[in-house]
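All remarks here apply to the structure that follows.
The values are calculated or read from the model by the stated rules, or taken from the named source; none is laboratory data. Everything numeric here is computed off the predicted structure, so don't read it as measured data. Neighbour counts are summed over all protein chains in view; Cβ atoms, including those assigned to glycine, are modelled from backbone coordinates with ideal geometry. Note: areas computed on protein heavy atoms with side chains; ligands, DNA, RNA excluded. Shrake-Rupley method; radii C 1.70, N 1.55, O 1.52, S 1.80 Å.
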Amino acid sequence: MTASASDWSVEELNEQLESGGDFFLLDVRNRDEFESAPIEGVKPVPTLNVPYFEMLESSESFDFVDSITEALDRGLLDDVPKDKRVLTVCAKGDTSEFVVQALAPKGYEIGHLDGGTLAWGNFYLIRTVTEAAGLSVYQVQRPQRGCLSYVVVSDGKAAIIDPLRHIDHYKEFAAEKGFEIELIVDTHGHADHISGGRALADELGVPYWLHPYDGIHPLDMLPAELEYEFMKDGWQASVGSATIRAIHIPGHTLGNIVYYVNDRFLFTGDSIFIRSIARPDLGGQGEAWAPIHFRSLASLMELPDETMILPGHFSGRDEENQDGLFVGELGRLKETNDGLQMVAKGQEAFVAFILGSLPKFPEEYIDIKRVNAGLLHPDEDEAMELELGKNICALSQAYQLVEG
């Protein structure tokens with residue numbers, strides 16, 4: 001269908017979600033898709049979920065627009081307001097166009113999301129953490145999944161930390177800024193999203209680094225079938241005039257690594273988030289790994305309070321700072337982060353807290369780990385299905401805060 005004046009681009013949606021724009025969301029996806037991949041802003045967005053098939057099932061019309069109009073007459077859409085802007089969304093953007101055609105003549109100020117939640121799920125934006133001649137750091141955000149990755153640039157050379165699946169964004173950004181990507185590192189073997197690390201390294205002909213403990217699928221107990229350089233504690237590399245140092249902190253995974261750049265910026269992957277900390281159970285060994293996780297986090301608490309934490313995920317858009325970044329100084333997070341506060345109470349209290357705070361284990365995470373180990377090779381549709389919804393890598397309190 002052709003674009004119209006009522007279309008919202010994913011860029012406009014992102015702007016409205018970040019600014020707390022006043023609009024109403026009519027989501028016509030199936031309930032399971034709606035629940036697993038909600039659209040969230042810095043403040044709650046008033047939302048109504050009416051699956052499209054529910055509008056059609058009682059209609060005798062074979063015309064989509066007439067069927068939606070009948071659903072409106074039956075009161076199925078009574079909660080959709082006429083006194084504010086309405087955005088309707090579906091999976092790919094086609095169905096929501098019919099909703100606009102039916103409701104606009106009835107006095108609704110309504111538009112639809114161009115490309116649907118598929119386009120929203122593939123939307124990325126890159127923001128500057130710091131930019132200087134000797135060191136620039138950029139945060140690559142994928143809002144729908146709550147995933148973050150990073151580009152570290154110094155003197156025209158760059159490292160990519162935790163690259164996400166859509167690798168063209170990194171290549172295009174490198175061309176735009178005029179830097180050369182020299183190495184690629186993952187903080188760990190990811191469970192919630194498909195890493196772009198190996199694919200990006202292959203295209204660029206540069207090394208890809210991963211800790212060997214994460215080169216084994218923790219549930220299948222099978223070794224990875226992809227090539228990688230062995231990361232280890234104390235590993236160090238220069239990118240331009242910047243220095244990257246690896247610190248091994250097992251707990252979320254056995255091979256979990258954080259990267260410390262110029263003794264100032266700590267790329268924490270899935271260990272420390274802004275609101276919470278990582279869960280230790282995604283390898284199926286929560287009780288065994290929770291004490292290890294405690295000792296690892298306790299060691300990071302010894303770093304200077306001025307250390308800037310750059311996490312691998314966010315739980316909600318309200319974690320953004322005034323610059324639209326998900327970052328925070330360690331000293332402040334010690335006071336505001338529930339998980340880090342429990343570290344100060346000792347191992348026994350920490351383990352009890354963390355094991356009592358585990359969200360549901362997403363079954364698709366087992367296959368995502370297989371993909372990231374080269375044991376499974378999904379096509380694009382299968383990859384999108386695996387990555388449907390937001391990440392659930394933090395403790396349950398983080399998501400309860402978002403929902404509440």
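Sequence gap at least 6, Cα distance under 8 Å: using those rules, report the relative contact order of the stretch 51-187 to the nearest whole percent. Result for the stretch 51-187 is 13 percent. Rolling a 1.4 Å probe across the protein heavy atoms gives the chain an accessible surface of 41 Å² per residue. Close amide H contacts of Leu226 (hydrogens built in the peptide plane, cut-off under 5 Å, sequence separation of 5 or more or a different chain): none are found. Residues whose amide H comes within less than 5 Å of that of Leu376, counting only those at least five positions distant or on another chain, are Val371 (H built at 1.01 Å from N in the peptide plane). For the pair the stretch 346-386 and the stretch 218-259, the centres of their Cα atoms are 18 angstrom apart.
Here Lys334 and Leu125 are evaluated by their C-beta separation; at R0 = 30 Å the FRET efficiency comes out at 0.55.
The percentage of C-alpha pairs in the stretch 207-309 whose separation is greater than 20 Å is 41%. Beta-bridge orientation, the chain: approximately 60 percent antiparallel, per DSSP, counting only bridges with both partners inside.
Using the Karplus relation 6.51 cos²θ - 1.76 cosθ + 1.60 with θ = phi - 60°, the per-residue 3J(HN,Hα) values for the stretch 128-141 come to 8, 7, 8, 9, 8, 4, x, 7, 10, 10, 10, 9, 9, 10 Hz, with x marking Gly and Pro. For the stretch 197-353, carbon and sulfur atoms together expose 49% of the accessible surface, with a 1.4 angstrom probe and every protein chain in place. In percent, rounded to a whole number, the relative contact order of the stretch 225-325 is 24, using alpha-carbon pairs under 8 Å and six or more apart. For the stretch 13-89, the share of accessible area belonging to carbon and sulfur comes to 47 percent (1.4 Å probe, ligands and nucleic acids excluded).
Derived scalar couplings between HN and Hα for the stretch 231-243 equal 7, 8, 4, x, 3, 9, 9, 9, 10, x, 9, 8, 10 Hz in order, rounded to whole Hz, by the Karplus curve 6.51 cos²θ - 1.76 cosθ + 1.60 (θ = phi - 60°), x for Gly and Pro.
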